[in-house]
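Peer 1: Handing you a structure now.
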Amino acid sequence: MADIETTIGQVDPETGLKPMVINLGPQHPATHGVLRVRVALDGEQIRACEPIIGYLHTGIEKNCEDLTFNQAITLTDRMDYLSPITNNFGYVLGVEKLLGVEVPKRCQYIRVMFAELSRIASHLVWLGTAAMDMGAMSPFFYTMQQREQILDLIEMSAGTRMNPSYFRVGGLLNDLPPGFEEKLRAFLDGFPHWLQEYYALLDRNPIWIERLKGTAPITAEKALDYGWTGPLLRACGIPRDLRKTNPYSSYEDFDFDVITETDGDVYARYHVRMREMKESLKIVRQAIDNLPEGEWHVPGWKIYPPNKQEIGRNMEALIYHFKLFTEGIRVPAGEVYSAVEGPKGEIGYFIVSDGSGKPYRVRVRGPSFYNIAALPTLVQDKMLADVVAAIGSIDIVLGEVDR
Amino acid sequence: MKEILDALEESFGDRVTVSEPLGQTVVQLPAAEIVSVVTFLKSQGFNMLIDVTAVDRLGREPRFDVVYHLYHLDEKAWLRLKVQVGGDEPTVPSIAHVFASANWAERECYDMFGIRFRGHPDLKRILMPDDWNGHPLRKDYPLTGLDPLPPLVRE
């Protein structure tokens, strides 16, 4: 992989010309946000490439240190904004580990359900936008329609479509609302048909196959070296899925397959994500079928606040409620690393507590940050148009890259 | 996992300390050993560097903890390495030549904490602008920033 600064100055001995430097982005639809890619070109061939990030840096890790443990959940929503719920997931699991509590089975199942729904929603956005990058406009309209159904489900239980903060330390915002199950089942019954529609739109489209097959390949060793995780790593043939390898929140109760492909190119990544949606659907169906009855948050008022009726009746409940919302949850001092399998890869949280109501340090390991770092290797000596295919296949969310 | 840690202690003696807070394996080691320990662990099957970051323990000397997370594919386990550094110019040897993922992670750590990684191929800021004053994640850096916000349009 060539260094861009030295490449720029190199004169081609035959033609006497230097490479041309162009900027892709930061404001361009194909960069999926505000990513800037500097490329040095020889004709249409890429001699060197450098992704430049930081345009969406909002200091989330710094801001977390100034908020209580529950308030910081709202910031995790805003990193991978296409799948906010999986971001909440890793964070609350980490804080619960520091507290030494485990949420009831019902809560764990509801969490799994929503995590898988948002995985499907995230993959749908990826499919629509990646296809649009390749010039196929119609899949976008199809996928957005189905994604909206998932967002409706999230809105039903969390109150908002996009930044739900639905998972709280020690439980959820609230239990599943009435009428949720019917609506979810209607989605589950309808979605397989739409999945077939997506395949019909793309799978035998010669342009789609031509553009994707063999484009931007990477070997498994290289992918591991770059710290790739999630569907990208599985497309290289390595079956690393934290839901199976390091199960959390009762994932061991569910029956699903880890999808792998072997080619490691853009086409393999497309197939991994498409088949993963089907597996997620399976998990959601199992979760709603076997949803345990009972409590959906931890008992007591020290971690999860008492409900409104209780506050009106009970002086002690009022005091606990006041303490929780002014000082925050007292989390014992310690350090913990907690990771979940997000739609883009391993979302890891390294949380340090000093025993107060606010986290001392929250480090977020965003999968997109590590995935996009490998872009120069993917496109070295390839055509310029392949950069767009490569960025689309990596499925970056700049909110998470820059944090 | 047990065998790897035993082998680690055998090779590095009392320079490394292994502990298990909250069921997570942590290895404490001096900054000078980081390259050899990471290379050793990679040869033992820890083939993914998941993350590099730091924690500012303002008031303690040495002031910073540099924290590495590795992952073992066959053992399905994470391992945390912790290095303490301090002084006016906290410096750690870079492991970017061992793991490619360390390249950007160390740049971010430098950007946010001002920790230098000796031997890094291109140690420059990654998230903040190149001419930024200060390192935002240090505890003595105020939440509102050191300088007034730069103008939206530069002349």
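Quick note: the coordinates plus some simple rules give every number you see, no bench work behind them. This structure is a prediction, so every number in the text was calculated from the model and none was measured. Cβ placement follows ideal geometry from the backbone for every residue including glycine, while neighbour counts extend to all protein chains displayed.
Peer 1: Compare the Cα positions of A:Gly392, A:Ile238, A:Thr219 along the charge dipole of the protein assembly as shown (+1 at Cβ of Lys, Arg; -1 at Cβ of Asp, Glu; about the Cα centre) and return the one farthest towards the positive end.
Peer 2: A:Gly392
Peer 1: Please enumerate, by chain and number, the aspartates and glutamates with C-alpha under 12 Å from the C-alpha of A:Lys382, excluding those fewer than 8 residues away in the same chain.
Peer 2: In chain and number order, the partners are A:Asp42, A:Glu44.
Peer 1: Rounded to a whole number, what is D in µm²/s for the protein assembly as shown from Stokes-Einstein with the Kirkwood radius over alpha-carbon pairs (20 °C, 1.002 mPa s)? It would help to have the intermediate numbers written out before the result.
Peer 2: Working: Rh = 24.6 Å.
In µm²/s, the coefficient rounds to 87.
Peer 1: Taking only Cα atoms and a 10 Å spring cutoff, compute GNM fluctuations for chain A and point out the largest among A:Pro26, A:Pro192, A:Pro376.
Peer 2: It is A:Pro192.
Peer 1: So, in nm, how far is label B:Val18 from label A:Glu148 when the simple model puts each one 7 Å beyond its Cα toward the Cβ?
Peer 2: 5.6
Peer 1: In whole angstrom, note down how far apart the Cα centers of the stretch A:206-281 and the stretch B:3-27 are.
Peer 2: 32
Peer 1: Suppose a student asked you for the relative contact order of chain A, using Cα pairs under 8 Å spaced at least 6 residues apart; what percent would you report? Don't skip to the answer; put the middle values down first.
Peer 2: On the way: 778 pairs, mean separation 101.8, N = 403.
Dividing the mean separation by the residue count of chain A yields 25 percent.
Peer 1: Compute the FRET efficiency between B:Asp147 and A:Ser356 as 1/(1 + (r/R0)^6), taking r as their Cβ-Cβ distance and R0 = 30 Å, and round to the nearest 0.05.
Peer 2: Values: r = 29 Å, r/R0 = 0.96.
E(calc), rounded to 0.05, equals 0.55.
Peer 1: On a 30 Å Cα-Cα criterion, which of the cross-link pairs A:Lys62/A:Lys344; A:Lys278/B:Lys2; B:Lys82/B:Lys139; A:Lys282/A:Lys358 come out too long?
Peer 2: Numbers: A:Lys62/A:Lys344 23 Å; A:Lys278/B:Lys2 38 Å; B:Lys82/B:Lys139 19 Å; A:Lys282/A:Lys358 38 Å.
Table pairs above 30 Å Cα-Cα are A:Lys278/B:Lys2; A:Lys282/A:Lys358.
Peer 1: Explain nothing, just the number: dipole magnitude of the protein assembly as shown about its Cα centre with +1 on each Lys and Arg Cβ and -1 on each Asp and Glu Cβ, in debye rounded to the nearest 20.
Peer 2: Values: 59 positive and 77 negative charges, 174 e Å.
For this selection, approximately 840 debye.
Peer 1: Still on this structure, I have one more. Can you pull the mean other chain C-beta count within 10 Å for peptide A:219-228?
Peer 2: Details: counts 0, 1, 1, 1, 2, 8, 9, 8, 14, 2.
Partner-chain Cβ atoms within 10 Å, mean over residues of A:219-228: 5.
Peer 1: Roughly how many Å is it from the Cα centre of the stretch A:141-182 to that of the stretch B:50-125, as a whole number?
Peer 2: Computed from Cα coordinates, the inter-centre distance equals 38 Å.
Peer 1: Along the positive direction of the dipole of the protein assembly as shown (beta-carbon charges: Lys, Arg +1; Asp, Glu -1; about the Cα centre), which of A:Ile319, B:Pro142, A:Leu99 reaches farthest?
Peer 2: Sorting the options by dipole projection puts first A:Ile319.
Peer 1: In percent, what relative contact order does the stretch A:44-155 have, based on Cα pairs under 8 Å that are 6 or more apart in sequence?
Peer 2: Numbers: 70 pairs, mean separation 19.9, N = 112.
It rounds to 18 percent for the stretch A:44-155.
Peer 1: Between A:Glu44 and B:Ser11, what FRET efficiency follows from the Cβ-Cβ distance if R0 is 60 Å, with the result rounded to 0.05?
Peer 2: Working: r = 51 Å, r/R0 = 0.84.
Efficiency computed from Cβ-Cβ geometry: 0.75.
Peer 1: How tilted is helix A:84-99 with respect to the longest principal axis of chain A? Cα atoms for both, answer in degrees (0 to 90, nearest 10).
Peer 2: It is inclined by approximately 50 degrees.
Peer 1: Here's another thing I want to ask about it. About the Cα centre of chain B, what is the dipole size in debye to 20, counting +1 per Lys and Arg Cβ and -1 per Asp and Glu Cβ, all else neutral?
Peer 2: Working: 17 positive and 24 negative charges, 29 e Å.
Computed about the Cα centre, the dipole is about 140 debye.
Peer 1: Taking amide hydrogens as modeled 1.01 Å from N in the peptide plane, which residues meet the under 5 Å criterion relative to B:Ile50, leaving out close sequence neighbours?
Peer 2: For B:Ile50, whose amide H was placed from the backbone, the distant partners under 5 Å are B:His69, B:Leu70, B:Tyr71.
Peer 1: Name the most mobile residue of A:Arg36, A:Arg313, A:Arg78, meaning the one with the largest mean-square fluctuation, in a Gaussian network model of chain A with Cα contacts below 10 Å.
Peer 2: The residue that fluctuates most here is A:Arg313.
Peer 1: Let me ask something else about it. By how many nm would the segment from A:Lys244 to A:Gln27 lengthen if fully extended, with 0.36 nm per residue of separation less the alpha-carbon distance? Let's see the in-between values first.
Peer 2: Working: separation 217, 0.36 × 217 = 78.12 nm, distance 3.82 nm.
Extra length from A:Lys244 to A:Gln27 when fully extended: 74.3 nm.
Peer 1: Calculate, for A:Ala186 and A:Thr74, the FRET efficiency according to 1/(1 + (r/R0)^6) with r their C-beta to C-beta distance and R0 35 Å; round to the nearest 0.05.
Peer 2: On the way: r = 30 Å, r/R0 = 0.86.
After rounding to 0.05, the efficiency reads 0.70.
Peer 1: Provide a whole-number value for the mean count of partner chain Cβ atoms within 10 Å of the Cβ atoms in peptide B:43-55.
Peer 2: Working: counts 0, 0, 0, 0, 5, 12, 5, 10, 12, 3, 7, 2, 6.
For peptide B:43-55, the averaged partner shielding equals 5.
Peer 1: Also, quick follow-up: Taking 0.36 nm per residue of separation and subtracting the Cα-Cα distance, what length does fully extending A:Met383 through A:Thr160 add? Walk me through the numbers on the way to the answer.
Peer 2: On the way: separation 223, 0.36 × 223 = 80.28 nm, distance 4.20 nm.
Full extension of this stretch gives 76.1 nm more.
Peer 1: Now, a different point. Dipole of chain A (Lys/Arg Cβ +1, Asp/Glu Cβ -1, origin at the Cα centre): which of A:Ile154, A:Ala72, A:Tyr248 lies farthest to the positive side?
Peer 2: Toward the positive end, the furthest listed residue is A:Ala72.
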